Amino acid sequence: MPPTRPSLDTCDVSCIHPAAVAAAWARLLPVEDARAVARTFGVLADPTRVRLLHALVGQELCVCDLAAVLGMRQPAVSQQLRVLRAQGIVRVRKAGHIAYYALVDDTVVDLLARFVPVPVPVPVLVDRDDPDAATGVA
């Protein structure tokens, strides 16, 4: 039988730096907070949701426009937005029969910016009487 090598992943003693352990334990995230963070990261683990959030950086878009941007059907986009809204990442504003979504705050923008270029939003003027007449403003 060949000799076993010690594991690099474990220590041979139970605690060598009690002060460091005590300090880490004192600032350890409570279990419920850790679960909330894990739920948020779980929601963000879906590529479609990440793309939706990326599309919403700096602007509010309606469900039909988000569907056009992502090349998806509106019901599928709505389902993903419901998940994001339930997690408190996006908010919805109703205007008649149209649902507009926007990011709640810049927390997700900051997180996205660590991994991908975040678009600089170009203000768009929309004529409320004619939504098809949107024009970019420089």
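Some observations on this one:
- Residue in the range 30-43 that is touching a strand residue (DSSP E or B) at 6+ places or on another chain (Cβ under 7 Å), β-branched (Val, Ile, Thr), assigned to a helix (DSSP H, G or I) and under 27 Å from residue 107 (Cα atoms) present: no
- Filter result for residue 37 (under 32 Å from the mean Cα position of the chain (by Cα) and either modelled with pLDDT under 95 or under 30 Å from residue 103 (Cα atoms) (or both)): yes
- The residue that is surrounded by the fewest Cβ atoms within 10 Å (Cβ to Cβ), counting only those in the range 100-119 that are of a type in the set (A, V, I, L, M) and part of a strand (DSSP E or B), is 102.
- Restricting the range 61-99 to residues that are assigned to a strand (DSSP E or B) and in contact with a helix residue (DSSP H, G or I) (Cβ under 9 Å, 6 or more places away or on another chain), the residue that is surrounded by the fewest Cβ atoms within 10 Å (Cβ to Cβ) is 98.
- Identity of the residue in the range 1-20, of a type in the set (Gly, Ala, Ser) and at pLDDT 80 or above, that ends up nearest to the chain's Cα centre (by Cα): 20
- The residues of the range 17-58 that are without any contact (Cβ under 8 Å) to a residue 24 or more places away in the chain and not hydrophobic (A, V, I, L, M, F, W, C), listed by number, are 17, 18, 27, 30, 32, 33, 35, 42, 47, 51.
- Boolean, residue 48 is over 30 Å from residue 117 (Cβ atoms), surrounded by fewer than 16 Cβ atoms within 10 Å (Cβ to Cβ) and either touching a Gly at 6+ places or on another chain (Cβ under 6 Å) or among the hydroxyl-bearing types (Ser, Thr, Tyr) (or both): no
The values are calculated or read from the model by the stated rules, or taken from the named source; none is laboratory data. All values derive from a computational prediction rather than experimental measurement. Please note: Cβ atoms are built from the backbone with ideal geometry, for glycine as well, and neighbour counts cover all protein chains shown.
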